[in-house]
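For reference, the structure discussed in these notes is given below.
Bear in mind that the values in this text are calculations on the coordinates, not laboratory data. Since this is a predicted model, take the numbers as computed values, not measurements. Here the Cβ positions follow ideal geometry from the backbone for every residue, glycine too, while neighbour counts run over all protein chains shown.
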Amino acid sequence: MIRRVPVCVRLALVLWAAVARTQENGAVQSEINVRTQDLLAPMTDNWLSYNGDYSGRRYSPLSQINVKNANQLRAEWIFHSRNSDHLEVTPVVVNGTMFVTSANDTFALDAQTGRTVWHYTRPNSEGLIDDASRHISRGVGVWHNRVYRETDNAHLLCLDARSGNLIWDVAYADWNSNYGATSAPLVVNDKIIVGTSGGDDGVRGFVAAYDAESGKLVWRFWTIPAPGEVGSNSWPGDLYLHGGGTTWMPGTYDPELKTLFWGTSNPAPDFEGSVRPGDDLYTDCVLALDPETGKLKWYFQFTPHDLFDYDATETPVLIDAAYKGLSRKLLIEANRNGFIYVLDRSTGEFLSGTRFVEKLNWAQGIDPKGRPIRTEVEPTPAGTKVCPGYSGATNWFAPSYNESTQLFYFMALEQCQTYFSAPEPQRFTPGKEFYSTGVKHIPGENSQKILLAFNVATGTFAWKYPQVGGGHSTGGTMSTGGGLLFFGDDAQSFEAVDARDAKPLWHFNTGQDMSASPMSYAVSGKQYVAVAAGSDLFSFALPQ
């Protein structure tokens, strides 16, 4: 359903916007007109999407801040959000204007000073459950002079980038109240690609594309097949309507192959596989989709018949590199199940799978076709120790890749937990979670985050950088042309190390847990690095 805003209402909104803005200060400083060719061009001063560009590499070529002067970094400004103490947003910057989301609110900031240019406010939705009830938002997409964002109750909003006024509002998952949305949308050509959360709550996952101009639905790909479709044998009766497989993180895109890559979450009900026999397609997969039609080109399933909540929503990073003597188009994913995968993204061919955590007991390894070699470990009513634990060996927090070092960086978690299954299969109930049943901490079990650098060409780890903390951080990484690797560490600090060898160079204690990934941008020849922590957004630069 599209809610268009009549002209008379738009005029009223112009007056209302002056009240809704935190500071009334006129027009945005620089022109905002993000065209398709801008999104396809190599990154420079702007950071135009959640991952910076379509590849998901989280690499900024900016080098003003580098290994020689990183120790001089200081906070330039701090933006405080009043309606969320758990920011997971990555800002988007266009020609000196920064776009930030906090719960259902959207801000345009002066990227040099942090001053608010406009503020679109929308109440947090009531009656939501699970992740949706946390009102998480990870950011925006930008196309021409419009800003797009998802809301906690799975609406897609289109805002005027110059004023913050609402242009249209589409409810794209309103037929099941258990749906939510936490992702940033991805702009591909003239389409806005969105997904949903709620994979643990009895919904049917999908990826959908909306026309950027009108807000009309262009296509929808259901991740849980309907009766009679390929893979439907895993979903007896009406379970396909509640099978999970949600798409709660943005994907990546290869414009040469004209292929969209998107990850899917775990099957439902969690921890109980008897009611969903077989592989449970297309859960725990990376999907290769035609962005014009939504047609499936290929898929790769990391954890068939998942019993452990090992979502495959981690970023599928696109790299063109020599692999075993051949130049190949690669897709790299450090997966929640404890293995890092290398695929040929042209065909979906499995090339390698490498274990990256010590604590792993659900599988013995990966077979030549890419399927896990399972052990007998699975949840039971009495409880079973499973490694990795419920949070996974890694998760949604961003990895990055640096072509200069040829290293892939990501944060790993060493953890085990006790998994329980329900004595009887869970029945879906609207407004209730669809877990069957849950996990518990193991007394005396220690958890630890470790920053890893993986050499894709050799299949080995170049270095490991253990973290100090309790394994609670969900801060991601970013690499730069200055030879730096920035990341949120596990001790509430934003940190920079040498990307070649992990030599510590700088850190800033935010005093808050970090649940976001960093980015970098430049305005008037000056480079900044920004990251969210707790309820604040920090921007750092070198002294003048």
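Can you give me the Cα centroid spacing of region 122-173 and region 492-527 in angstrom?
Their Cα centres are 28 Å away from one another.
Can you compute the FRET efficiency between Ser327 and Leu40 using 1/(1 + (r/R0)^6), with r the Cβ-Cβ distance and R0 = 22 Å? Round to the nearest 0.05.
0.55
Put a dot 7 Å past each Cα toward the Cβ at Ala457 and Gln72; how far apart are the dots in nm?
3.3
So which aspartates and glutamates pass the test for Lys369, namely a Cα distance under 12 Å, with those fewer than 8 places away in the same chain ruled out?
Glu349
Per residue of region 484-497, what does 6.51 cos²θ - 1.76 cosθ + 1.60 with θ = phi - 60° give for ³J(HN,Hα)? Whole Hz please, x for Gly and Pro, Karplus curve as stated.
10, 10, 9, 6, x, 7, 9, 10, 6, 10, 8, 10, 10, 10
Using a 10 Å Cβ count of at most 15 others and DSSP loop calls, identify the longest part of the chain lacking such trypsin sites (Lys or Arg not before Pro).
433-544
Using θ = phi - 60° and the Karplus curve 6.51 cos²θ - 1.76 cosθ + 1.60, what whole-Hz ³J(HN,Hα) does each residue of region 191-203 get, with Gly and Pro shown as x?
10, 10, 9, 10, x, 10, 10, x, x, 9, 10, x, 10
May I ask you to derive the FRET efficiency for Ser535 and Asp320 from their Cβ-Cβ distance with R0 = 25 Å, giving the value to the nearest 0.05?
0.05
Note down, for region 369-410, the three equivalent ellipsoid semi-axes (square root of 5 times each alpha carbon gyration tensor eigenvalue), biggest first, whole angstrom.
Sorted largest first and rounded, they come to 32, 15, 7 Å.
Could you check the spin-label model distance between Asp85 and Tyr299? Points 7 Å from the Cα along Cα→Cβ, value in nm.
Placing both labels 7 Å along Cα→Cβ, they lie 4.0 nm apart.
Principal axis lengths of region 428-544 from Cα atoms, whole Å, largest first?
57, 37, 28
Once every DSSP H run of n ≥ 4 in the chain is given -39500 (n - 2.57) and the sum is divided by its residues, what mean residue ellipticity at 222 nm do you get, rounded to the nearest 500 deg cm²/dmol?
Estimated from H runs of four or more residues: -1000 deg cm²/dmol.
Just the projected area, averaged over all directions, of the convex hull on the alpha carbon atoms of the chain: how many nm²?
23.1
Could you quote the convex hull projected area for region 87-241, Cα atoms only and averaged over all directions, in nm²?
9.6
What is the distance, in nm, between label points placed 7 Å from the Cα along the Cα-to-Cβ direction at Asn189 and at Ser274?
That separation, rounded to one decimal, is 4.8 nm.
Label 7 Å along Cα→Cβ of Glu349; region 301-320 residues with amide nitrogen under 20 Å?
Hits in region 301-320 for Glu349 at 20 Å: 301-302, 317-320.
Size of the dipole of region 91-237 about the Cα centre, Lys and Arg at +1 and Asp and Glu at -1 on the beta carbon, nothing else charged, in debye to 20?
It comes to approximately 340 debye.
Reachable lysines from Lys68, Cα under 23 Å, same-chain residues fewer than 8 places away excluded?
Straight-distance partners of Lys68: Lys464, Lys503, Lys526.
Give the lysines reachable from Lys258 as a straight Cα distance under 19 Å; neighbours fewer than 8 places away on the same chain don't count.
Lys191, Lys295, Lys297, Lys329
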